[in-house]
Amino acid sequence: MNILRNDYTSSRSKSQSNSRARIALTIGDPAGIGTEIILKSLADRHLLGLDTTFTVFGDRRYLGETYDLLRNHNNLLMADPDSIEIVDICTNEEISLGIGNRASGAASFAYLDAAIAQTLSGNFDAIVTAPIAKSAWKQAGHDYAGQTELLAERSQVDDFGMLFVGKSPHTDWVFRTLLATVHIPLSEVTKQLTPELIEQKLELLRRSLLQDFGITNPRIAISGINPHSGEQGQLGREERDWLQPLIDRYRQQHPNAQVTNPIPPDTMWINPAKAWSDRDRAHLGYDAYLAMYHDQGLIPVKLLAFDRAVNTTIGLPFVRTSPDHGTAFDISGKGIADPASTIEAILLAVELANVRKGNS
């Protein structure tokens, strides 16, 4: 398999199983851009040569309608739904492009639920999920913070996390950021940031770097919680009272992992920016970063890697990746949706699935 442009794994672990990876793709909310970016991705040259099987979970009708609508649109390159293996999950209600509602939410939930069930049954090695609308899920009676939480619930795991991965087109450096807390109000962040949570996330990250990326001696940077990482207790005491002691203990327990002291949040992302843009300074980047809350981690990810960032859920019994953008209802059906992040998500899923196969 030759996908050098998207080789997210460490050169220290290249063992792969001879059996081909089996990837399930969900189309997400059928009123959004999911059908368009899936069809565009499956026609991309970087995917066509892979020794991999792809199966799309969704309503064949909506895939066909998108294809018919857009195939003559400015010479768009898209896969013909008739050439794709599809698990056809029909909906009984009409859904219109650009209008996310209860019906589209129920449909996107059904697509993902079916893909999870078949993957847990051993039919697939990875799931790549196109975007859904959380509000549409709620209208359909599915009260989840997002797809990640449904994946974890169905897999019966409590120890999971959202790791964002992007490979620089300038330096080939891979930017990996794990969020300690995710979709919660900012006012709740300090209530949830406990020593137990941070130790759990740090260990989850270390295991994922080994299991999924083949990195045996990881370099992990940890963000502070408060401005200036607390300024020795003057701007907050969390770093001084429990975060630094936790890191000291973790280093003793895992001597193969190089873990930083809490880095002030306003300066933590300077070296990743240099590693992303300057090949001569790529060595300044760490193998992974642990951010304390959603925006602290995702502002730099989206600033540097907006069209290349991939969301992968670590801690599941299978690989799950997703493009790092939303349903884009406002441009659905217009032929202008960019499949770049979805292509990256699929390529990363293939890479991680093959690493897991090689380690099994």
### Ellipticity estimate at 222 nm from DSSP helix runs (n ≥ 4, -39,500 (n - 2.57)) divided over the chain, nearest 500
-11000 deg cm²/dmol
### Query
Using θ = phi - 60° and the Karplus form 6.51 cos²θ - 1.76 cosθ + 1.60, what ³J(HN,Hα) does each residue of the stretch 185-202 get, whole Hz, x for Gly and Pro?
x, 4, 5, 8, 4, 5, 6, 8, 7, 10, x, 5, 5, 5, 5, 4, 5, 5
### Task
Would you tally the net charge around Asn256, using a Cβ to Cβ cut-off of less than 11 Å, leaving Asn256 out, and scoring K and R as +1, D and E as -1?
+3
#### Entry: Pair Thr216, Leu77: separation of 7 Å Cα→Cβ label points (nm)
3.9
### Message
Treating only the Cα positions of the chain as identical point scatterers, give the base-10 log of I(q)/I(0) from the Debye formula at each q in 0.09 Å⁻¹.
### Response
-0.50
### Carbon and sulfur %, accessible surface of the stretch 37-91 computed with the full protein complex present, 1.4 Å
45
### Query
If you take every DSSP beta bridge whose two residues both sit in the chain, what share of them, in percent to the nearest 5, is antiparallel?
35
### Message
In the stretch 293-308, whose amide N lies under 19 Å from the spot 7 Å out along Cα-to-Cβ of His170? List them in ranges.
### Response
298-308
#### Entry: 3J(HN,Hα) from dihedral phi, the stretch 316-325, Karplus parametrisation 6.51/-1.76/1.60, rounded to Hz, x for glycine, proline
7, x, 9, 7, 9, 10, 7, x, 9, 7
### Query
For Gln139 and Arg207, FRET efficiency with R0 = 41 Å and r from the beta-carbon atoms, rounded to 0.05?
0.65
#### Entry: Gain in span if fully extended, Ile299 to Asn261, counting 0.36 nm per residue against the direct Cα distance
11.5 nm
### Query
For Gly161, which sequence-distant residues (separation of 5 or more, or a different chain) have an amide H within less than 5 Å of its own amide H, given hydrogens modelled in the peptide plane?
Ile314
### Task
Given the peptides 107-117, 90-100, 233-243, 163-173, arrange them by the average over their residues of other C-beta atoms within 10 Å, most packed first.
107-117, 163-173, 233-243, 90-100
#### Entry: Nearest-20 debye value, the chain charge dipole, Cβ charges on Lys, Arg, Asp, Glu
900
### Message
Highest mean first, how do 255-265, 205-215, 32-42 rank when packing is the count of other Cβ atoms within 10 Å averaged over residues?
### Response
32-42, 205-215, 255-265
### Message
Just to confirm, what accessible area per residue do you get for the chain at 1.4 Å probe, in whole Å²?
### Response
42
### Query
Can you give me the relative contact order of the stretch 216-360 as a percent, contacts being Cα pairs under 8 Å and 6 or more apart?
20
### Query
Along the positive direction of the dipole of the stretch 152-235 (beta-carbon charges: Lys, Arg +1; Asp, Glu -1; about the Cα centre), which of Pro185, Ile215, Leu163 reaches farthest?
Ile215
### Message
Run through the stretch 258-360 and list the chymotrypsin sites (Phe, Trp or Tyr not before Pro) located in a DSSP loop whose Cβ has at most 15 other Cβ atoms within 10 Å.
### Response
Phe306
### Message
Give me, ordered by chain and number, the residues 5 or more places off Leu25 or on other chains with an amide H under 5 Å from its own placed amide H.
### Response
Thr55, Val56, Phe57, Val128
### Query
Which stretch or stretches of the stretch 112-128 have amide N atoms under 13 Å from the point lying 7 Å from Thr53's Cα along the Cα→Cβ direction?
119, 122-126
### Query
What list of ³J(HN,Hα) values in whole Hz, one per residue of the stretch 112-118 in order, does the Karplus curve 6.51 cos²θ - 1.76 cosθ + 1.60 (θ = phi - 60°) give from phi, with Gly and Pro shown as x?
5, 4, 5, 5, 5, 4, 6
### Query
Along the principal axes of its C-alpha atoms, what lengths does the stretch 16-156 span, in descending order and rounded to whole Å?
40, 40, 21
### Query
Put a dot 7 Å past each Cα toward the Cβ at Asp68 and Ile270; how far apart are the dots in nm?
5.8
### Message
Using 24 Å as the Cα-Cα cut-off, could you pick out the over-long pairs in Lys134/Lys357; Lys167/Lys357; Lys167/Lys334?
### Response
Lys134/Lys357; Lys167/Lys334
### Charge dipole of the stretch 244-360 about the Cα centre (unit charges at C-beta), most positive-ward option of Ser332, Gly297, Asn354
Asn354
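The values are calculated or read from the model by the stated rules, or taken from the named source; none is laboratory data. Since this is a predicted model, take the numbers as computed values, not measurements. Every residue, glycine as well, gets a Cβ built from its backbone with ideal geometry; the counts of neighbours run over all protein chains shown. Accessible surface is based on the protein model in full, side chains and every heavy atom, while ligands, DNA and RNA are left aside. Shrake-Rupley method; radii C 1.70, N 1.55, O 1.52, S 1.80 Å.
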